[in-house]
1. Determine, yes or no, whether residue 159 is assigned by TED's automatic domain parsing to the domain that holds residue 64 and surrounded by 12 or more Cβ atoms within 10 Å (Cβ to Cβ).
2. Go through region 89-107 residue by residue and tally those that are surrounded by fewer than 15 Cβ atoms within 10 Å (Cβ to Cβ), in contact (Cβ under 8 Å) with a residue 24 or more places away in the chain and under 30 Å from residue 61 (Cβ atoms).
3. Mind checking which residues of region 154-164 are over 12 Å from residue 115 (Cβ atoms) and within 8 Å of the chain's Cα centre (by Cα)?
4. Looking only at residues that are free of Cβ contacts under 8 Å to residues at least 12 places away in the same chain and in contact with a strand residue (DSSP E or B) (Cβ under 8 Å, 6 or more places away or on another chain) in region 108-138, which one is surrounded by the fewest Cβ atoms within 10 Å (Cβ to Cβ)?
5. Report whether or not residue 43 is exposed (fewer than 12 other Cβ atoms within 10 Å of the Cβ), part of a helix (DSSP H, G or I) and at pLDDT below 75.
């Protein structure tokens, strides 16, 4: 029988990969050379299975304090996104409308996963956009209300260094919101 998946990796010991089926039962042990990552275009298989294990209230449940990616794609169809923290969930319909506080970065790091983000403010003195963790008297929060359909992926937290997790960056690249450049050295 040919080795096919999808499987979850339970653990890796030296060059052996212990796999389990999506339902949690042990599946197989394979050499690390025989294991390949799944293609994200088939990710719906894993997500459908994971969602079957969740209650309706737990699926994609965004709450105050969660970080999120917001789709800011223009009418011309060019993909664009923004990073925000959910500051409040509209009480009348908590599954539909969210109040956000935007985040931004000054970092020019080549990798999105290496850029530190901070809350975004508008300086009322000169209308400049400022990214910092401590608010002063002249700064006003950059906020917005969005519908659930404008949020992408799932809620997450920034890393300890205030960076977007690598998993989210990979999804931004896969979905066309960010571009990955590969160069070779001759």
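The values are calculated or read from the model by the stated rules, or taken from the named source; none is laboratory data. Just so we're clear, the structure is a prediction, and the values are computed from it rather than from any experiment. In this analysis, Cβ positions are derived from the backbone assuming ideal geometry, glycine residues included, and neighbour counts consider all displayed protein chains.
1. Yes; evaluated as a whole, the condition is true for this residue.
2. Counting residues in region 89-107 that are surrounded by fewer than 15 Cβ atoms within 10 Å (Cβ to Cβ), in contact (Cβ under 8 Å) with a residue 24 or more places away in the chain and under 30 Å from residue 61 (Cβ atoms) gives 3.
3. 154, 155, 156
4. 128
5. Here the answer is no, as residue 43 does not meet what is asked.
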